[in-house]
Each structure stands twice: as C-alpha cells, then as structure tokens.
1. Compute the acute angle (0 to 90°) between the alpha-carbon long axis of helix 280-295 and the principal axis of greatest extent of the alpha-carbon atoms of the chain; round to the nearest 10°.
2. Among rounded, prolate and oblate, which fits the range 89-206 when a ≥ b ≥ c are the square roots of the eigenvalues of its C-alpha gyration tensor, a/c under 1.5 means rounded, and a/b larger than b/c means prolate?
3. If I take every Cα pair under 8 Å that is 6 or more residues apart in the range 28-127, average their sequence separation and divide by the length, what percent do I get for the relative contact order?
4. Which order do 178, 39 fall in if you start with the one that has the fewest other Cβ atoms within 10 Å?
5. Working from Cα positions, state the angle (0 to 90°, nearest 10) between the long axis of helix 2-19 and the longest principal axis of the chain.
6. So I have [x] -0.31, -0.41, -1.08; [y] -0.21, -0.28, -1.10; [z] -0.57, -0.64, -1.09, and one of them is log10 I(q)/I(0) by the Debye sum over Cα atoms at q = 0.06, 0.07, 0.14 Å⁻¹ calculated from this model. Which one is it?
7. Of all beta bridges DSSP finds with both residues in the chain, what is the antiparallel percent, to the nearest 5?
8. Helix-derived [θ] at 222 nm for the chain: sum -39500 (n - 2.57) over DSSP H runs of at least 4, divide by residue count, nearest 500?
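Please treat every number below as a calculation from the coordinates, not as lab data. Small disclaimer: the values here were computed from a predicted structure and weren't measured. Neighbour counts run over all protein chains shown; Cβ positions are idealised from the backbone, glycine included.
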C-alpha cells in the first residue's frame, strides 16, 4: 500500500525539479549593499565601510560573515578584516589611509557568506586625492651633554600637490632645553634645521621631543628621543668643590693651631712674670692679666681656674 505513495512523491519531486526555474534544494539568494564614509583626521583619512545583507524579500540576514579586503591604487592589499551582520543585517568595518599613501582609487572587495545562502559580493571604489603634507625627522635619537648644542633636520614633504605654508613648533619642552627653527615655516617640499640647546642645569635623562607642523586645519607631528648626559666640566666642578672644602678645612686647622700657639705663648709669658716677681703687687698684676687673657679667650677655662687658685693663694701669703 505504501509503495505507490512513495513512487508518486518521488515523481512529483522530479516534475517540480524539471519545471522549476530554481532547483528545489538550491541555497537561498543573498544580497549586499555597502558604502564608504571617509573622515579627514590629523593623521590621514579614516574610512568606514557600512552595509546591509538581505534576501529576496528585503528581509535582513543576521550573523552573516563579511570578508573585507582593501587594495591601494597599485593593487597592494592594505587592509584585511572580518565583520558580522547584527540582527538587523547591518555590518561595519574601518580602515585607515595614511597621509603618505599614494593618491588614486582604493578598492574594497566585500564577500558575504552564510550557510544556506548564496555568496554575495560587492566592490567599492574610494578616490583618495586630498592634498596633504608629512613631517620627518633626520634622527630618532639625539645624544647631548649638559651645556652642548645639537641639530636635527626636519623634512616637510608635499603629498598630492600640497603647496600651503607649514608652521613648525615644539610641544612641552623639558626645563633647560631650548629649540630654534631655521626657518620657522616653509612651503613643502623643503627642510628646516632645528638647533637643540641643553643648559648646564638640565637634569640628565631621556626625553621625548615632539615637533608639530601646522597648516590650516591640517597638522602632523614627529618626535625624537633626546638623551642628556653629564657634561665634561661637571667633574671639574666637583673636584674644585672638593678642593675648596679641603682648603677651607686646612685653613681652619691652621687657624686653630695658631690660636692654640698664641694661647700657649700668652700663658707662658704670664707664668714667666709670675715666677720673676712673687710680691703682692706683682701677683695682683698677674691675676689682673689672667682675667684679661680669659676675656680675650686667650686661655682655656681649666688653665685659668688652676692659675687663678695658685696666684690667689700666693697673694694671701704675701700680705
């Protein structure tokens, strides 16, 4: 009983396959639309690719895989990415064109895939021809000693016919570092010499020097490392300071010894006079002289007390 039914179903499927313009088991058709949205920045052009994937009834297809490849005018691939459609069938991807990139047509090749659907393909063209300029430094690292001056050459290149004047300036210089531009502005392409002067007081270390080129709404910067080392005369200064300290110490020592010798001489003279005449008047004079020496700091306190007691006893005996 089931055999005639199965035969009939197979015959019906074969008839549908023959008369249908599209195979019964073929994948569904999928379509894709996409556009470029470029934005000029101070570092070049940021290009956003936005698009939508949908079917024959214009219904959104979510979770489709979008493969993106962007080629420059020479046919070299500059960007590869994978994006996915959201529940609304929308997707987005971004690529960047640097100021130094060649002008011409940039081509984006987009391929949408999802199981059960045909592959969808779209190609987009973006013409990049905005005039611009770039800034390049002749060195990546400049090493200077404290008190020295060095030079860096900046090259301002014209890109895609740029011919406006570019002003050069520096950003956030460290204390003790000064820059002089010659010339301070120019029309590309051309060069400017940057004189970098480091004062004696500048702290040693590694600094990032940022230079900025500005022309209207366009600006580009470049940086290099400035390494500051100890100056050659700093060692001499240290030695001279040490020598000065030594000389001062020696002078103080000599002065102290000389003072001690004067004290000793004054005390010896006092004792000599006291020994030569031991009378009452002479002893009284010796005591008065001892007080003078003490007032002039010519006798230490211990010697003063010892002699005073001795001469006061002598004075008492001579009355």
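1. 10
2. Note, shape of the range 89-206 comes out prolate.
3. With pairs under 8 Å counted, the relative contact order is 31 percent.
4. So the ranking, lowest neighbour count to highest, is 39, 178.
5. The answer is roughly 80 degrees.
6. Step by step, log10 I(q)/I(0) by the Debye sum over Cα atoms at q = 0.06, 0.07, 0.14 Å⁻¹ for this structure corresponds to label [z].
7. Among the beta bridges of the chain, antiparallel pairing accounts for roughly 95 percent.
8. Calculated from helices alone, the mean residue ellipticity at 222 nm is -10500 deg cm²/dmol.
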